[in-house]
1. Can you work out which of the residues in segment 163-173 that are over 9 Å from the mean Cα position of the chain (by Cα) and part of a loop (DSSP other than H, G, I, E, B) is surrounded by the fewest Cβ atoms within 10 Å (Cβ to Cβ)?
2. Return only the number of the condition from (1) more than 20 Å from PRO167 (Cα to Cα); (2) modelled with pLDDT under 90; (3) among the aliphatic types (A, V, I, L, M); (4) surrounded by fewer than 22 Cβ atoms within 10 Å (Cβ to Cβ) that VAL395 does not satisfy.
3. Within segment 383-391, is there a residue that is modelled with pLDDT under 90, surrounded by fewer than 18 Cβ atoms within 10 Å (Cβ to Cβ) and over 25 Å from GLY175 (Cα atoms)?
4. Anything in segment 33-52 that is more than 22 Å from VAL294 (Cα to Cα) and either in a helix (DSSP H, G or I) or not aliphatic (A, V, I, L, M) (or both)? List them, or say none.
5. Going through LEU24, LEU76 one at a time, which residue ends up being in contact with a helix residue (DSSP H, G or I) (Cβ under 9 Å, 6 or more places away or on another chain), at pLDDT 85 or above and over 24 Å from ALA127 (Cβ atoms)?
6. Return only the number of the condition from (1) under 17 Å from VAL399 (Cα atoms); (2) touching a Phe, Trp or Tyr at 6+ places or on another chain (Cβ under 7 Å) that ARG148 does not satisfy.
7. Among THR112, THR56, THR80, which is polar (S, T, N, Q) and either surrounded by fewer than 19 Cβ atoms within 10 Å (Cβ to Cβ) or over 22 Å from LEU391 (Cβ atoms) (or both)?
8. So if I check each of LEU62, LEU176, LEU84, which one is in contact with a Pro (Cβ under 7 Å, 6 or more places away or on another chain) and not aromatic (Phe, Trp, Tyr)?
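The values are calculated or read from the model by the stated rules, or taken from the named source; none is laboratory data. Given the structure is predicted, the values throughout are model-derived calculations rather than measurements. In this analysis, Cβ positions are derived from the backbone assuming ideal geometry, glycine residues included, and neighbour counts consider all displayed protein chains.
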Amino acid sequence: MLQQYLIQQQDITLGWQFFVPLVLMVVLILLAVRIWVVVGLGALAMLYFTDVLPLTLLGEALFDGIDSFALIAVPLFILTGDVLVRSGLSTKLLDVAEATMGARRSGLGTSTVLGCGFFACISGSDAADAAAISRITIDRLVDKGYPRPYACALVAAGACTGILIPPSISYIIIGLVLGISASTLFLAAAIPGVMILTSIMITNAVLNRVKGYENSLGGFNLKYWLKTIYDGRFALLIPFIILGGIYTGIFTPTESAAVAALTTIVIGFWQKTLKLSDIPKILETSAMVSGVIVPIIAMSLPLAQTLASLQVPQAFVAFMTSLTSNPYLIILIMILILMIAGCVMETTPNIVILAPILLPLAQEIGMDEIHFCIFMVSALGIGFITPPLGLNLFVVSGVTQVPVVSISRYAVPFVLTMIVVVIILGYVPALSLWLIN
């Protein structure tokens, strides 16, 4: 029944019925009301005032939105990340990263960022990445000479790769919203994700050379590196299962998440680093994180459908193209919109609400839909280290008790570097499309 209403297009003029609920949502966000409540009330108000869809369809829209096989991968990837931390396998990944990059100047800082990338290949979540890595590395970074706020900013920036490097929960969600295969998006995101990871490493190396935080000039020890690879073989097996299974077509993202979760649990029991009594705690932690994400998706989809019925995407495209038809300028405007949105709202509602609005504009200037998805998620990733929301900043601050303001000040160079990479990704579609072509 819902689809029948969605395909009935009519000429609609956006008036106070649309803008009053929009202002209400902004006010509630500023009042720090939970985002799923804000989105839900906004959708309800728009439906009530505009009468574009019957209110009776709201319940159906809520359940239709989360009734997806692909969405099952989200709690499974979160569970895998939690088991990885609880079993100590995450420490093995960081040991491999340090053995690989630790002999270089700024080695521990660079190793920390690389470790964030390894963990991102498993958890798909920025917050989980930031929490896990900060507990393990920040004290070690401080001992090496890094100021504690800078160490926090480095981990927060490195953890941004949680939604940029496959498998990413954000790519699962944007694929669900726009009807694009998550496996295709994972493949397309490989090069952009590595670019952003590398840019954060380079920024740290430059800052380290200028400020003299750390001076690791020892030679690369092949024997030690091989030893850490062998010791961390089971930890390295998990990203191999996830990415190898997806890229070879053996598993869907959901199946790979399930296999990875089960494998991680089995390894933990086999190595006796995981006990049966740990399972309820792990499930509780994973459920709490999933319980934040899923309600946002459920509430955001009815709002996105309401906006589509009000023809907001078409109105937005007409407005933007009336201002300028220059595709390079429009890409910069989209980056600005996504950065502002990322500063005030979490990635999940941003994707569900903004993706259907911005995709028609992107297609109007000739941008491929897959290229758009990579570009959008990469731009939103900057919001994890930009106030006032800056989720990674708050996560790391909560772990270390360092004020968010102090961390955000040191995060500025990483924000600027990520902006440069996002601009490059927007202007060079081959970076997102080369692997899938």
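1. Taking segment 163-173 as the starting set, the residues that turn out to be over 9 Å from the mean Cα position of the chain (by Cα) are 166-167, 172-173.
Filter again for part of a loop (DSSP other than H, G, I, E, B), leaving 166-167.
Numbers: PRO166: 24, PRO167: 29.
Ranking the qualifying residues of segment 163-173, first place goes to PRO166.
2. The single condition VAL395 does not satisfy is (4).
3. yes
4. The answer is TYR48, PHE49, THR50, ASP51.
5. Values: LEU76 fails: over 24 Å from ALA127 (Cβ atoms).
Only one candidate passes the filter, namely LEU24.
6. Evaluating ARG148 over (1) under 17 Å from VAL399 (Cα atoms); (2) touching a Phe, Trp or Tyr at 6+ places or on another chain (Cβ under 7 Å) leaves (2) as the failure.
7. Values: THR112 fails: either surrounded by fewer than 19 Cβ atoms within 10 Å (Cβ to Cβ) or over 22 Å from LEU391 (Cβ atoms) (or both); THR80 fails: either surrounded by fewer than 19 Cβ atoms within 10 Å (Cβ to Cβ) or over 22 Å from LEU391 (Cβ atoms) (or both).
When all the criteria are applied, what remains is THR56.
8. On the way: LEU176 fails: in contact with a Pro (Cβ under 7 Å, 6 or more places away or on another chain); LEU84 fails: in contact with a Pro (Cβ under 7 Å, 6 or more places away or on another chain).
Checking each option against the conditions leaves just LEU62.
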